[in-house]
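A short worksheet on the structure shown next.
The values are calculated or read from the model by the stated rules, or taken from the named source; none is laboratory data. Keep in mind that this is a model prediction, so the values were computed, not measured. No Cβ is skipped: glycine too gets one built from the backbone with ideal geometry, and neighbour counts run over all protein chains shown.
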Amino acid sequence: MLLMSAEPLSMDPEHLLKEEMQRGQLPQALLIAGPYGVGKKTLARQLAKGIMCRGTAPMKPCGICKNCRRFDRMQLPDFLIPEKKRDTKNIIIDSIRSILDALSSHPLEHGRRVVLIENAELLTPQAQNALLKSIEEPDDSTYFLFTADSLRAILPTIRSRCRIARIAPWPKERLLSALEEHGIPYDHRSRLVPLCSGSIGRALDMEADPHFWERAETVEKTFFSVQKSSDIPAALRILREKKDDAAELLNIFEMEVELLLRTGADSLPSAVPSNWADADAESLKRILNRIFEARMYRASNVVWIGAAEKLLQIITEETALW
């Protein structure tokens, strides 16, 4: 009978799981949880590759044996991933049944199988229920690895049968180092780190977006720069040309205001007028509410420039109080 614990690991789960993988002591049902972009999928795939590795090197995965090379090419028949069906973002029961059918036979090759289900929160309840028996009573050769951005959509019956490893947001120095390794210049690194909320994935997504920095500059020249009503027309002229970027502009402005609320003036981009450094928490919260309203206006097909003007007006009213 497989013994499991639903308690999260108490120490650096990434390090502990890699150590257990080296010793061949990984749990047969593991749920890796944490916010988007902190490396859950990378860790899960490294663990899966280590389980499947058949190299003679002391450290696994060795990266050079036949299984490691075939793993990288997604050509290992005993490494099972549910197929995403067209026209649905969820992982439906038919995809899980295909995996369960494969598990009903003996492993095709070296005696170990890994089922990897990324974004397990996308499993429908029916699909999760179909997995229960296999997770509760796995054969000795089968490992289930799940990743999830949130545990809320994971049924308690699934969670209770898995060991849960919670991956925390990355600390500032680790993020800066990783971004430097990716060749990202210092001025971008220093701006991305506070905005990404500890998510290396989110930071890389922003840097890879060819329009992100242009949009960030637009936010600085408009929402952050209006200080009185007479500044609004000039800001609106800029925003009128950016209606196709409306959602992204609101997202960036929201991230910046939330950051200012959390960390204070040190987080302000250098181009932002200094009066924002005097912002009080209640004013920032009211501006965040107005950003939300502007997003709702857009969803209700209100003309972009009208939604932007309402937001700019409230910004001038709030900043006048600082």
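Which residues, taken from segment 185-225, are among the small types (Gly, Ala, Ser) and on the phi < 0 side of the Ramachandran plot?
The initial filter retains those residues of segment 185-225 that are among the small types (Gly, Ala, Ser), namely 190, 197-199, 201, 203, 208, 216, 225.
Scanning segment 185-225 gives Ser190, Ser199, Gly201, Ala203, Ala208, Ala216, Ser225.
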Assigned by TED's automatic domain parsing to the domain that holds Gly34, among the aliphatic types (A, V, I, L, M) and modelled with pLDDT under 95, is that true of Leu145?
no
Considering residues of segment 293-322 that are in a helix (DSSP H, G or I) and free of Cβ contacts under 8 Å to residues at least 12 places away in the same chain only, the residue nearest to Leu239 (Cα to Cα):
Gly306
Applying the selection to segment 19-68, what residues are within 30 Å of Ala208 (Cα to Cα), touching a helix residue (DSSP H, G or I) at 6+ places or on another chain (Cβ under 7 Å) and surrounded by fewer than 19 Cβ atoms within 10 Å (Cβ to Cβ)?
Tyr36, Gly39
Within segment 215-266, restricting to residues that are surrounded by fewer than 18 Cβ atoms within 10 Å (Cβ to Cβ) and polar (S, T, N, Q), the one that is modelled with the lowest pLDDT is Thr263
Within segment 158-276, helices (runs of 4 or more DSSP H) holding 1 or more residues that are touching an Asp or Glu at 6+ places or on another chain (Cβ under 7 Å):
186-195, 212-221, 232-240
When you check Ile51 against the structure, is it under 28 Å from Glu19 (Cβ atoms) and among the β-branched types (Val, Ile, Thr), yes or no?
yes
